[in-house]
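Asks: Questions regarding the structure given below will be posed in turn.
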Amino acid sequence: MQDELIIDGYISTNHWVINENGFKSIINVFNYYGYAFKNHNKDETDAVVYIDFFDSKGDHLSQKKYEVHTGKSIHIDTYKIVPNFKGLVSVKMIPNGKMKRLSPSNQSPISTSYFMLYERYNKFRDFSHELYPIRKKYSLKQSEWMTLVYLDEDLETGCIIMNNCPLNEDKNAQSDVKISILDKNFQQISKIQDLKLNSGGSKLINLSEKLKKIRSEIGNKSIIISVNGTNIEQPMSINYHKTGDFNIHHF
């Protein structure tokens, strides 16, 4: 089934979407193939965009298809397609000519570049442009990322963990994840949570409640959050202030 996310050497790119709690997420795709493949005509560099929605459990909900002409962009309001959604989207843009990579030495699939625009209460905005390609094969190798967290009574903080093997039915394609708190010397203060993610699953974890005890012990000092696991892409941090302002970014 996972071959559905790779077509003629063009591979889907994962990103995280939230359409609840005042948030709205918008996918922004620009067809840059006319600049990348200058020797091809527009009939070949015009493209089709496929968007697959996976809920937080990893279940495939739907697929949408859009045409985007060379040099044009599309902006897709995911909250209109799947209201109250929280999970992954996988986006692939395939040119009609299905050209291969310009460098013969690089045989890896071409990942679709796009960015997510996040809005909250139609007032606050943030965006994220990182690429998180799907993985066709699972890996038992442990990956670890860390980020700095600032403790503040008016600030909610959390992290978003994403499995990178959607539609892979092998049990090894699931994610085993450990989230820990480290001090400035990278010594573990506390283990926050162990969790498992299904293939294509994702989870937003609110760390504020879990950090209350830590905050009472160390005051307003910053701490390090460590995420260690299998089949996960770089986690994202989410911070939002009681005023409504927020930030979503990678570790």
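The values are calculated or read from the model by the stated rules, or taken from the named source; none is laboratory data. Please read these numbers as outputs of a predicted model, since none were measured by experiment. Positions of Cβ are generated from backbone atoms using ideal geometry, with glycine treated the same way; all protein chains shown enter the neighbour counts. The protein model used for the area step is the full one, side chains on, heavy atoms only, and it has no ligands, DNA or RNA in it. Shrake-Rupley method; radii C 1.70, N 1.55, O 1.52, S 1.80 Å.
Asks: Treating the angle as unsigned and between 0 and 90°, give the value, to the nearest 10°, between the Cα long axis of helix 208-218 and the longest Cα principal axis of the chain.
Replies: 40 degrees
Asks: May I pose another question? Determine Rg/Rh for region 175-226; Rg is computed over alpha-carbon atoms and Rh is the Kirkwood hydrodynamic estimate from the same atoms.
Replies: Reported Rg/Rh (Cα atoms, Kirkwood Rh): 1.03.
Asks: Amide H neighbours of His250 under 5 Å, counting only residues 5+ apart in sequence or on other chains, H built in-plane at 1.01 Å?
Replies: Excluding prolines and chain starts, which carry no amide H, the hits are Ser237.
Asks: Let me ask another. What's the local net charge at Ser113, with K and R +1, D and E -1, over the other residues with C-beta under 13 Å away?
Replies: 0
Asks: Excluding residues on the same chain fewer than 8 positions from Lys212, give the aspartates and glutamates whose Cα lies under 15 Å from its Cα.
Replies: Asp152, Glu153, Asp154, Glu156
Asks: What aspartates and glutamates could a cross-link reach from Lys42, if we take a straight Cα to Cα line under 19 Å and drop same-chain neighbours fewer than 8 places away?
Replies: Lys42 reaches Asp8, Glu67.
Asks: Still on this structure, please answer the following. Please work out how much length the chain gains when fully extended from Glu130 to Lys221, using 0.36 nm per residue of separation minus the C-alpha to C-alpha distance, in nm with one decimal.
Replies: Roughly 29.9 nm would be gained on extension.
Asks: Something else about it: Over all distinct alpha-carbon pairs, what is the Kirkwood Rh of region 1-50 in angstrom?
Replies: When all Cα pairs of region 1-50 are included, the Kirkwood radius is 13.7 Å.
Asks: Something else about it: Past 22 Å, Cα to Cα: identify those pairs from Lys72/Lys137; Lys137/Lys196; Lys64/Lys92; Lys184/Lys213; Lys24/Lys191; Lys65/Lys137, in the order given.
Replies: Correct reply: Lys72/Lys137; Lys24/Lys191; Lys65/Lys137.
Asks: Can you give the local net charge around Lys42? Use residues other than it whose beta-carbon is closer than 13 angstrom to its beta-carbon, Lys and Arg +1, Asp and Glu -1.
Replies: Overall, the nearby charge balance is -2.
Asks: Would you mind getting the accessible area per residue of the chain, heavy atoms of the protein chains only, 1.4 Å probe, in Å²?
Replies: Accessible surface, normalised per residue, equals 51 Å².
Asks: Separate question: Residue-wise, which Karplus ³J(HN,Hα) couplings in Hz belong to region 52-68, taking 6.51 cos²θ - 1.76 cosθ + 1.60, θ = phi - 60°, and x for glycine or proline?
Replies: After applying 6.51 cos²θ - 1.76 cosθ + 1.60, I find 10, 9, 10, 6, 5, 7, x, 6, 7, 8, 6, 10, 10, 10, 9, 9, 9 Hz.
Asks: Please list, ordered by chain and number, the residues whose modelled amide H lies under 5 Å from the amide H of Asp46; skip anything fewer than 5 residues away on the same chain.
Replies: For Asp46, whose amide H was placed from the backbone, the distant partners under 5 Å are Thr70, Asn96.
Asks: Report in % the part of the accessible area of the chain that belongs to carbon and sulfur, leaving out ligands and nucleic acids; probe 1.4 Å.
Replies: The computed percentage sits at 47.
Asks: How much net charge surrounds Asn231 when only the other residues with a Cβ under 12 Å from the Cβ of Asn231 are counted, with Lys and Arg +1 and Asp and Glu -1?
Replies: Numbers: positive: Arg135, Lys136, Lys137, Lys141, Lys171, Lys196; negative: Asp170, Asp176, Glu233.
That sum, taken over residues with Cβ under 12 Å, equals +3.
Asks: Here's a follow-up. How much space per residue, in cubic angstrom, does the convex hull of the C-alpha atoms of the chain take up?
Replies: Enclosed volume per residue, from the Cα hull, is 132 Å³.
Asks: Compare Leu155, Leu102, Leu140 in a GNM of the chain, Cα atoms joined below 10 Å, and give the one with the largest fluctuation.
Replies: Greatest mean-square fluctuation among the candidates belongs to Leu102.
Asks: Between Lys136 and residues 5 or more places away or on another chain, which pairs have amide H atoms under 5 Å apart, with H built 1.01 Å from N, and which residues are they?
Replies: Counting only residues 5 or more places away or on other chains, the set is empty.
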